Amino acid sequence: MKDAFKRLATRTYAIRQVYRMAQEQGITCGFNNFWRLLRNPVYCGKIIVPAYQDEAADLVMASLRH
């Protein structure tokens, strides 16, 4: 999936091309599920913070520390 994100970020390949490349690397899901995975904010490193009391919901970048 990491390669798929990188290839799409370059805007050099169409989504179907990236999907075919991912299949060659071993991805076994269908195209619709592949597209859903790519649009999932969690895979982009974002976390949905739900609304709480008077604060609105927010989408924030996750801080990955190793």
### Message
One residue is enough: does the stretch 24-36 have a residue meeting the conditions of a type in the set (Asp, Glu) and within 19 Å of residue 4 (Cβ to Cβ)?
### Response
yes
### Query
Taking the stretch 1-20 as the region of interest, how many residues are assigned to a helix (DSSP H, G or I), surrounded by 11 or more Cβ atoms within 10 Å (Cβ to Cβ), under 12 Å from the mean Cα position of the chain (by Cα) and of a type in the set (A, V, I, L, M)?
2
### Summary
Subset of the stretch 29-42, residues in a loop (DSSP other than H, G, I, E, B) and surrounded by 12 or more Cβ atoms within 10 Å (Cβ to Cβ), comes to 29
### For residue 26: the one exception among (1) out of contact with any Phe, Trp or Tyr (no Cβ under 6 Å at 6 or more places or on another chain); (2) surrounded by 12 or more Cβ atoms within 10 Å (Cβ to Cβ); (3) not in a strand (DSSP E or B)
(2)
### Message
Could you go through the stretch 43-52 and let me know if any residue there is in a helix (DSSP H, G or I), within 10 Å of the chain's Cα centre (by Cα) and modelled with pLDDT under 90.
### Response
yes
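The values are calculated or read from the model by the stated rules, or taken from the named source; none is laboratory data. The structure presented is a predicted model; accordingly, all values stated were derived computationally and were not measured. Methodologically, a virtual Cβ is constructed for each residue, glycine included, from the backbone with ideal geometry; neighbour enumeration extends over all protein chains shown.
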